[in-house]
1. Residues E292, E219: which one is within 27 Å of R149 (Cα to Cα), open to solvent by 40 Å² or more (accessible area, probe 1.4 Å), touching a helix residue (DSSP H, G or I) at 6+ places or on another chain (Cβ under 9 Å) and part of a helix (DSSP H, G or I)?
2. Take the conditions open to solvent by 30 Å² or more (accessible area, probe 1.4 Å) and either closer than 28 Å to M334 by Cβ or assigned to a helix (DSSP H, G or I) (or both) and apply them to V101. Does it pass?
3. Identify, please: which residue in region 153-170 is among the aliphatic types (A, V, I, L, M) and either more than 10 Å from the ligand (Cβ to nearest atom) or assigned to a helix (DSSP H, G or I) (or both) and is, among those, most open to solvent (accessible area, probe 1.4 Å)?
4. Among the candidates Q257, Q284, Q238, which residue alone is open to solvent by 30 Å² or more (accessible area, probe 1.4 Å), at pLDDT 95 or above and assigned to a loop (DSSP other than H, G, I, E, B)?
5. Within region 312-388, considering only strands (runs of 3 or more DSSP E) that don't extend past its boundaries, which have at least 2 residues that are away from the ligand (no atom under 16 Å from the Cβ) and open to solvent by less than 20 Å² (accessible area, probe 1.4 Å)?
6. Considering region 260-273 alone, what residues qualify as being surrounded by fewer than 17 Cβ atoms within 10 Å (Cβ to Cβ) and either assigned to a helix (DSSP H, G or I) or of a type in the set (V, I, T) (or both)?
7. Let me confirm something: among L47, L28, which residue is among the hydrophobic types (A, V, I, L, M, F, W, C), within 16 Å of the ligand (Cβ to nearest atom), within 24 Å of the chain's Cα centre (by Cα) and buried (at least 24 other Cβ atoms within 10 Å of the Cβ)?
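The values are calculated or read from the model by the stated rules, or taken from the named source; none is laboratory data. Fair warning: this is a prediction, and the values are worked out from it, not measured in the lab. Positions of Cβ are generated from backbone atoms using ideal geometry, with glycine treated the same way; all protein chains shown enter the neighbour counts. All accessible areas refer to the heavy atoms of the entire protein, side chains included, with ligands and DNA or RNA removed. Shrake-Rupley method; radii C 1.70, N 1.55, O 1.52, S 1.80 Å.
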Amino acid sequence: MSHLKEVFNEQFHAEPTVFAFAPGRINLIGEHTDYNGGYVFPAAIELGTYGVARLREDDQINIYSLNFKETGVMSFSLSDLSYQKKHQWANYPKGMIHYLVETYPEINQGFDIVVEGNIPNGASLSSSASIELLTGHLVTELFELQIDRLELVKLGQRVENQFIGVNSGIMDQFIVGFGRRDHAILLDTHTLEYHHVPTEFGDYKISIMNTNKRRELAESKYNERRSECEAALKLLQQRLDVSALGEISVASFEANQDVIDSDVLRRRARHAITENARTKAAYQALQNHDFETFGQLLNASHQSLKEDYEVTGIELDTLAESAQAVEGVLGARMTGAGFAGCAIALVHQDKIQELERQVTEQYVKTVGYAPSFYHVDIVDGVRTIIEQ
Ligand code: GLA
């Protein structure tokens, strides 16, 4: 924070008045279920985005990111908050500001913001939800607005859907908004009912494994998966009175899947429906401290994302499958949207080094470069930080 303050001083010759942090996230299980009205089970992590800000006298908005020094300060005016390609990464905070200004006319003067994140870029750990919610929080603090957390979360999702153009669900913004230290959230994306569940894994820890491959074309593939689910749902609705795949049980899907005449669409629906069932089962397993079952569900999730949903690829498969083969690993799967980014493993605390050694060896052999590993704390959602 003192570093950010210094940079702020250099850039804007002034002192910031608000300091905040927004986490990134992992998803334990429940992948590609959030836009199908199913369950998700994410947790906020200590990798995230820090930001400092102050109000200006004019209507100028300046944002500087230490992660994108080469682009310099991004500047725009309060009166033109439209998406612009030239604003690159700054379109995420800009989108958030856009929707806030639209809803809250009290935001009637400009401000300066400096941010710095330590979420590896393109790692599927929600750096975009993190900066969206961080911006939302900084701006509401600057103008002392009383905004409901859920409203901020929904504005963040709107940024993705309408400003950026990715039809993502609500999971990432929700966990960045509502995360709690040492807890995951079981969220029913259909009703938005949720509760915090202690991430108490006994002698086991979650390792994050990064493919170090940047996601490419992930947005268009993501949108494609979503439309495939919608098409499969339409077909199932010929027989079933449901409004989302998340309402269909595995048994009912099996009895009615013949109505889907495309193999691809059938597999997409099967993933969404079985993943939803796995997520509920994983929650039960965690409640019972049955880590073995929890781990097996992680493995089954990865398998389904690989075979039925086809969002893994050689990098994620190598990470997850080589981790699964390590003694002391109860389960492993990709996390987030897929295509690249990260996987997680549930590993005995004494076997972490062995996991890293064996997975790296296999990964280098298959992919040609090394993966990275992180061990992180589960933390609270977006919040103000008191300056030390
Ligand atoms: C991305 C999206 C989420 C969710 C996951 C897949 O992270 O932003 O809404 O769909 O992919 O589970």
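1. E219
2. Working: open to solvent by 30 Å² or more (accessible area, probe 1.4 Å): yes; either closer than 28 Å to M334 by Cβ or assigned to a helix (DSSP H, G or I) (or both): yes.
In short, yes.
3. I164
4. Result of the check over Q257, Q284, Q238: Q238.
5. Of the strands (runs of 3 or more DSSP E) lying wholly inside region 312-388, those with at least 2 residues that are away from the ligand (no atom under 16 Å from the Cβ) and open to solvent by less than 20 Å² (accessible area, probe 1.4 Å) span 329-334, 342-348.
6. In the first step, residues of region 260-273 are kept if they are surrounded by fewer than 17 Cβ atoms within 10 Å (Cβ to Cβ); the result is 261-264.
Residues satisfying the conditions are D263, V264.
7. Of the residues listed, the single one that is among the hydrophobic types (A, V, I, L, M, F, W, C), within 16 Å of the ligand (Cβ to nearest atom), within 24 Å of the chain's Cα centre (by Cα) and buried (at least 24 other Cβ atoms within 10 Å of the Cβ) is L28.
Residue-by-condition table, conditions (1) in contact with a strand residue (DSSP E or B) (Cβ under 6 Å, 6 or more places away or on another chain); (2) among the aliphatic types (A, V, I, L, M); (3) in a helix (DSSP H, G or I):
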residue	(1), (2), (3)
F8	yes, no, yes
E15	no, no, no
F21	yes, no, no
I45	yes, yes, no
Y50	yes, no, no
A53	yes, yes, no
N67	yes, no, yes
E70	no, no, yes
S82	no, no, no
